[in-house]
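Bear in mind that the values in this text are calculations on the coordinates, not laboratory data. Quantities reported herein were computed from a predicted structural model and do not represent experimental measurements. Glycine also receives a Cβ, built like all others from the backbone with ideal geometry; neighbour counts cover every protein chain displayed.
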Amino acid sequence: MQRFKALVASQGQPGPEPGPELAWQELGEADLMDGDVLVRVSHSTVNYKDGLALIPGIDFGGAVVSSSHPNFKAGDRVILNGWGAGETHFGGYAQMARVKGDWLVKMPPQFTPAQCMAIGTAGYTAMLCVLALERHGVRPASGPVLVTGAAGGVGSVAITLLARLGYQLSAATGRPGEADYLKGLGANEIVDRAELAKPARPLAKERWAGAVDAVGSHTLANVLSMTKYGGAVAACGLAGGMDLTTSVAPFILRGVTLVGIDSVMAPLPIRIEAWDRLARDLDLSKLAAMSVTRPAADVVALAPQILAGQVRGRIVLEME
């Protein structure tokens, strides 16, 4: 039986700062949860989730060791994003994983496992947002598109994708020092996050044909109020809060569409479409520019930094 290392989150002792205790442990295959595909994990990303006696990590890339699922065989390179990994099922911060084959997507041959995790759930979510804008008629000729939380993982990949597709881009960030980084990814204009952080008016001057919003709260309300007639906003995050104080005005007076983006339980066909489009439309040189690689042992120190908004772009974790 193969032994492997895993980062295990277990219930900590009650105290002023309750939370899980994280420790690297050696486990065996018998410790893994049920599933029909066993994967040797080579890479993951920093998407920190608390857990109770659980292996965190909401995504991973690796190679199939064994499978009873009809779509996978030993040696296949695979990706997992979401499906409760790291929350209700052992996740990607381990050298081995056993999961349902229905959760897996075959890795596009254009990508290495490290590149797939440089994309990770953040980049896959960004692609889901781009697909949503396209489905709702937002094209480069429609006008500029806004990306909020622009220096984060979703924002960085969204800007890179949209720029390559020919869109004019506004990048909203609270970190003015990241302006050169964002322009290097393809942003045409930098918007101060503070402009969007105040309570929104029901309608404001039409400014953007569409948007990718990873912030929520007042930011999303302002974005909706500034979206042009017939435009669409893809909402995929809540870094600024879960509330949304707005009115029906953007929807019934300008025909604006608010599209919710769920990456966790998205059906397999749209996952495959998203990864196929990433393989076709993502500039790998820009992916490299926004990514850093760290050993898996660094994840405990990195988690608070990403939660505090101190990390830009993407972090790849080497699990082996």
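For all pairs of alpha-carbon atoms in segment 175-272, what percent lies in each bin of width 10 Å, listed from the first bin to the last filled one?
Final binned percentages: 15, 42, 32, 11.
Output the Kirkwood hydrodynamic radius of segment 79-129, Cα pairs only, in Å rounded to one decimal.
By the Kirkwood definition, the hydrodynamic radius is 11.8 Å.
To one decimal place, what orientation-averaged projected area in nm² is obtained for the convex hull of the Cα set of segment 170-210?
Taking a quarter of the hull surface, the average projection is 3.4 nm².
Could you list, bin by bin from short to long, the percent of Cα-Cα pairs of the chain in 10 Å steps?
6, 27, 32, 22, 11, 2, 0
How big is the Rg/Rh ratio for segment 276-320, C-alpha atoms only, Rh by Kirkwood, two decimals?
Result: Rg/Rh = 1.06.
In a GNM of the chain with a 10 Å cut-off on Cα contacts, which of S247, S170, S67 has the highest mean-square fluctuation?
S247
Working from Cα positions, state the angle (0 to 90°, nearest 10) between the long axis of helix 268-281 and the longest principal axis of the chain.
70 degrees
With springs connecting C-alpha atoms under 10 Å apart, model the chain as a Gaussian network and identify which of A187, A249, A172 has the largest mean-square fluctuation.
A249
What do you get for Rg/Rh of segment 91-233 when both radii come from the Cα atoms and Rh is the Kirkwood radius?
Working: Rg = 16.5 Å, Rh = 16.1 Å.
My calculation of the ratio gives 1.03.
So, with +1 on the Cβ of K and R and -1 on the Cβ of D and E, and no other charges, what is the size of the charge dipole of the chain about its Cα centre, to the nearest 20 debye? List each step's numbers first, then the result.
Details: 28 positive and 29 negative charges, 193 e Å.
Roughly 920 debye, rounded to the nearest 20.
Can you give the Kirkwood hydrodynamic radius of segment 133-191 from its Cα pairs, in Å with one decimal? Present the calculation step by step, with values, prior to reporting the outcome.
Working: mean 1/r = 0.0895 Å⁻¹.
Result for segment 133-191, one decimal place: 11.2 Å.
Take the chain, connect every pair of alpha-carbon atoms lying under 10 Å apart with a spring to form a Gaussian network, then pick out the residue of A266, A301, A85 with the largest mean-square fluctuation.
A301
Enter the angle in degrees (range 0 to 90, nearest 10) between the Cα long axis of helix 113-135 and the first principal axis of the Cα atoms of the chain, meaning the one along which they spread out most.
40 degrees
Hey, got a sec? Which GluC sites (Glu not before Pro) in segment 188-261 land in a DSSP loop and have at most 16 other Cβ atoms within 10 Å?
E206
Sequence neighbours fewer than 8 away in the same chain don't count; with that in mind, list the aspartates and glutamates whose C-alpha is under 15 Å from K205.
The qualifying aspartates and glutamates are E195.
Check the straight Cα-Cα distances from K100 and name the lysines below 22 Å, setting aside those fewer than 8 residues away within the same chain.
Reachable lysines: K5, K49, K73.
List the relative contact order of the chain as a percent without decimals, with contacts defined as Cα pairs under 8 Å and 6+ residues apart. If you can, show how the numbers build up before the last one.
Working: 761 pairs, mean separation 54.7, N = 320.
Computed over the chain, the figure is 17 percent.
Which values of log₁₀ I(q)/I(0), to two decimal places, follow from the Debye formula for segment 239-288 at q = 0.20, 0.27, 0.28, 0.33 Å⁻¹ with a uniform point scatterer at every Cα?
-0.90, -1.00, -1.03, -1.20
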